[in-house]
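What follows draws every value from the coordinates through simple rules; no lab data is involved. Model, not experiment: these values are computed from the prediction. Note that we place each Cβ from the backbone using ideal geometry, even for glycine, and neighbour counts take in every protein chain shown.
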Amino acid sequence: MEKINIGIVGTGWPGQMHAGAAKAISGANLYACADLDEERRAAFVREYEPARDYADYEKLLQDKNVDAVIICLPNFLHFPASLAAIEAGKHVLCEKPPTLTAAEMKVLRQEASKRSLLYYFSRQFRFTPGMRLVRSLVHEGRLGKIYHAKATFVRSRGIPVGIGAWFTEKKRSGGGALIDIGIHALDAVWYLMGTPRPTAVSAQVFRNFEHLVKVPVFDVEDAAFGFIRFDNGAVVQLEASWAGNLTDDVPPRQYFGTELVNSVLYGTKATIRLNPLALFEDQKGKLVTVPLQAEPGEASGFELQLRNFLDAMRGQADPVNSADQAVSLMEMIDGIYASSELGREVPIFPEQKKDGA
Ligand SMILES: NC(=O)c1ccc[n+]([C@@H]2O[C@H](COP(=O)([O-])OP(=O)(O)OC[C@H]3O[C@@H](n4cnc5c(N)ncnc54)[C@H](O)[C@@H]3O)[C@@H](O)[C@H]2O)c1
C-alpha cells in the first residue's frame, strides 16, 4: 500500500496529537509541517521528524508531494486554509470548528466534491472507547427510541487564550465557549443519536467573566445554553461554559478550575450516561442501573480517526465525520448565535436539492 503524505499546519497541541497518530499508522507518512512560530515548529520537527517544514501554510500547500493536509490553525483560518488546500488538490482533515459559518462549510463541501477530494472534520471524541460502546448499544436498539439528550461541557475557570489571544476575539474565533467546547458536547450527543436533521434552535449566550483573563479583545460568549429540535421529534439540551461559578458536583480539573464533560441520552427502553458510564434500564417495570465498562481501545481517538480519514480517501470506508455532517453542525451553531441575538427560536430549513427534487 502506497503511503499517503501528510502535511500538518499548526503545530500546537492538536497538531502534535495528529502527528503522533500519523507516526503510528503504517499507511501514513508525516511528510511536512508548517507553523509561523519558529520555536514551536522547531520543537515539532525535533519530535516528529517530518521531511519538510515551512513557516506559512500557503508554502506547504505548494508542495506537490503533500497528498493530505491536517489543519490545526486558529478558527478564522480554517475556511481559507481548507479552501486553498482543496484548490491545490489536497484532501483535508480540519480541526473543529469546521468553519465559522454553515455558508462557508457549504462552499468547502462543494469545492471538495467537484474535485473528488475528501473534506473531513476532526472530532476525535467520536472514536473514544466510551463513545464507541454507547454508539453500538444505540445501534442494537438497547435504548429504544431516543427522545432527549443532554450535552454538557462546562468549566468554571477555563478561558483559553491561544497564540496572539485569538480565542476571545469574535472575528478570529467565530465565538467563545459554544464554538470552542460546546461544539464537542453537541456533536457527541448528535452523533450518538444518529445525526438527525436539526429543525429549530432556541438559545441564549452570555459574557459575564471577561475579567478573569487579560486579553486585548474579549467580545465572545463565555457560556451558551441551547435547546435544539430535530426532524424525528427528539430534542437536545446543551450547556457549555468556559467560566462560571459552578456547583460543587462538577469535579476539579487542572488548569480549568472544575470541568464536566458529559452526554446523557434518554430512550424509551433505557437511558445512558457517558461519564461515569452507566445504563439505566427498565427491566420488567423496574429501573435498574447497569454499570458499563468500555474496553480500552487498541489506539487513541486521534489514530482511529486518522485511519478512517485515510481509508475514506482510498475509497475503502465511509467517512465517519463527513462534510454533510459538518454543514449540519455549523447550522446548529449558527442557529444558536442567531437565536440568542434575536431572543427567540429560529428555524433551520432543509437544504434545497439542486435538481429541484
Ligand atoms: N480536537 C481538539 O480536541 C482540539 C483541542 C484544542 C484545539 N483544537 C482546535 O485546533 C485549532 C488550533 O488550536 P491551538 O490551541 O493549537 O491554537 P494555538 O493558537 O495555540 O495554535 C495555532 C498555531 O497556528 C499557527 N499559525 C497561525 N497562522 C499560521 C499560518 N498562516 N501559517 C502557519 N501557521 C500558522 C500559530 O503559530 C500557532 O502555533 C483551533 O481551531 C482549535 O479549536 C482542537
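Screening Glu140 against (1) acidic (Asp, Glu); (2) buried (at least 21 other Cβ atoms within 10 Å of the Cβ); (3) closer than 30 Å to Asp282 by Cβ leaves a single unmet condition, (2). Every listed requirement among (1) of a type outside the set (A, V, I, L, M, F, W, C); (2) under 24 Å from Glu303 (Cα atoms); (3) in a strand (DSSP E or B) is met by Arg135 save one, (3).
Touching a helix residue (DSSP H, G or I) at 6+ places or on another chain (Cβ under 9 Å), over 21 Å from Pro276 (Cα atoms), away from the ligand (no atom under 14 Å from the Cβ) and not in a loop (DSSP other than H, G, I, E, B) - does that describe any residue in region 155-173? Checking region 155-173: at least one residue is touching a helix residue (DSSP H, G or I) at 6+ places or on another chain (Cβ under 9 Å), over 21 Å from Pro276 (Cα atoms), away from the ligand (no atom under 14 Å from the Cβ) and not in a loop (DSSP other than H, G, I, E, B). Looking only at residues of region 1-20 that are over 21 Å from Ile163 (Cα atoms) and touching a strand residue (DSSP E or B) at 6+ places or on another chain (Cβ under 8 Å), we find that the one that is farthest from the ligand (Cβ to nearest atom) is Lys3. For Phe44, the stated conditions hold: it is farther than 30 Å from Glu331 by Cβ, of a type in the set (Phe, Trp, Tyr), within 14 Å of the ligand (Cβ to nearest atom) and under 24 Å from the mean Cα position of the chain (by Cα). When Val189, Val213 are screened for being out of contact with any Asp or Glu (no Cβ under 8 Å at 6 or more places or on another chain), in contact (Cβ under 8 Å) with a residue 24 or more places away in the chain and closer than 16 Å to Thr152 by Cβ, only Val189 passes.
The condition of being in contact with a Pro (Cβ under 9 Å, 6 or more places away or on another chain), in contact (Cβ under 8 Å) with a residue 60 or more places away in the chain and surrounded by 19 or more Cβ atoms within 10 Å (Cβ to Cβ) holds for only one of Ile183, Ile272, that being Ile183. Of the residues making up region 224-245, none is part of a helix (DSSP H, G or I), more than 16 Å from the ligand (Cβ to nearest atom) and surrounded by 16 or more Cβ atoms within 10 Å (Cβ to Cβ).
Mind checking whether some residue in region 50-68 is closer than 24 Å to Leu304 by Cβ and either within 10 Å of the ligand (Cβ to nearest atom) or aromatic (Phe, Trp, Tyr) (or both)? No, region 50-68 contains no residue that is closer than 24 Å to Leu304 by Cβ and either within 10 Å of the ligand (Cβ to nearest atom) or aromatic (Phe, Trp, Tyr) (or both). Residues that are within 13 Å of the ligand (Cβ to nearest atom), touching a residue at least 24 places away in the same chain (Cβ under 8 Å) and of a type in the set (A, V, I, L, M, F, W, C) do occur in region 123-141.
I'd like to check something: does region 6-23 contain any residue that is in a helix (DSSP H, G or I) and more than 20 Å from the chain's Cα centre (by Cα)? Yes, that holds for at least one residue.
Taken over region 246-262, the criterion of being more than 22 Å from the chain's Cα centre (by Cα), in contact (Cβ under 8 Å) with a residue 60 or more places away in the chain and not in a strand (DSSP E or B) is satisfied by Leu246, Val250.
Cβ contacts < 8 Å: first residue more than 16 Å from Ala68 (Cβ to Cβ), restricted to region 8-19; second residue more than 6 Å from the ligand (Cβ to nearest atom) and part of a strand (DSSP E or B), any location; separation 6+ or different chain. Result? Qualifying pairs under 8 Å: Thr11/Cys33.
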